[in-house]
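Down below is the structure, laid out as structure tokens.
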Amino acid sequence: MSSDLTVDAVRTALDMSRTRAEVAGWNIVNASVAGASFFVLDQSAAASALALAAGPDGAAGQQALAAVRDSGSSLISERAGSERPGLDELVADSVAAGLQYQVLSESLGRHFGLMRLAITGRNGA
């Protein structure tokens with residue numbers, strides 16, 4: 001996986017984690033409102049794009065990641081009248097999305113640190 005493709009893949013994963021946290025927040029806000037609908041995030045397209053980006057065909061991975069980024073809010077669907085998840089489950093999903101975002105951010109920071117080290121050398125000159 002080339003460096004640009006790696007950065008794009010991590011950026012896509014960061015976007016999906018952020019969106020997941022936002023959707024969980026919307027659902028937490030509406031958890032105690034009777035009759036309120038809840039939102040569901042479909043991450044299957046992003047998972048497929050990330051798997052394709054990890055494969056040998058970098059161009060196909062780049063196109064798949066671009067398609068996921070362009071789809072944006074179309075991955076979010078609203079559901080009304082069906083069984084809603086409990087508040088504990090919603091909070092757990094929000095926390096998991098936040099942790100995933102943090103781990104990805106740290107990983108990207110290390111990646112850029114290694115790139116900087118490769119460019120400047122050990123002394124940083």
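What the table shows:
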{"read-out": "Lys/Arg +1, Asp/Glu -1 at C-beta; the chain dipole; positive extreme among ALA118, GLY35, PRO85", "value": "ALA118"}
{"read-out": "Protein accessible area in the chain, 1.4 Å probe - carbon and sulfur %", "value": "57 percent"}
{"read-out": "Burial order of peptide ranges 102-114, 59-71, 13-25 (average beta-carbon count within 10 Å, highest first)", "value": "13-25, 59-71, 102-114"}
{"read-out": "Within the chain, helix-based [θ] at 222 nm, where runs of 4 or more DSSP H residues each add -39,500 (n - 2.57), nearest 500", "value": "-24000 deg cm²/dmol"}
{"read-out": "Of (1) 16.4, 58; (2) 16.7, 54; (3) 17.9, 62, the label for Rg and Dmax of the Cα atoms in Å derived from the coordinates", "value": "(3)"}
{"read-out": "Extension gain (nm, one decimal) between SER37 and ARG79, 0.36 nm per residue minus Cα-Cα", "value": "14.6 nm"}
{"read-out": "ARG18-ALA67 FRET efficiency (beta carbon distance; Förster radius 22 Å; 0.05 resolution)", "value": "0.75"}
{"read-out": "Cα gyration tensor shape for region 1-69, rounded if a/c is under 1.5, else prolate or oblate", "value": "prolate"}
{"read-out": "For the chain, size of Cβ-based charge dipole, Lys and Arg +1, Asp and Glu -1, in debye", "value": "460 debye"}
{"read-out": "Approximate spin-label separation ALA47-LEU108, in nm, with each point projected 7 Å along Cα-to-Cβ", "value": "2.2 nm"}
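The values are calculated or read from the model by the stated rules, or taken from the named source; none is laboratory data. Please read all numbers here as calculations on a predicted model, not as lab measurements. Note that each Cβ is placed from the backbone with ideal geometry, even for glycine, and that neighbours are counted across all protein chains shown. Please note that ligands, DNA and RNA were not included when accessible areas were found on the heavy atoms of the full protein model with its side chains. Shrake-Rupley method; radii C 1.70, N 1.55, O 1.52, S 1.80 Å.
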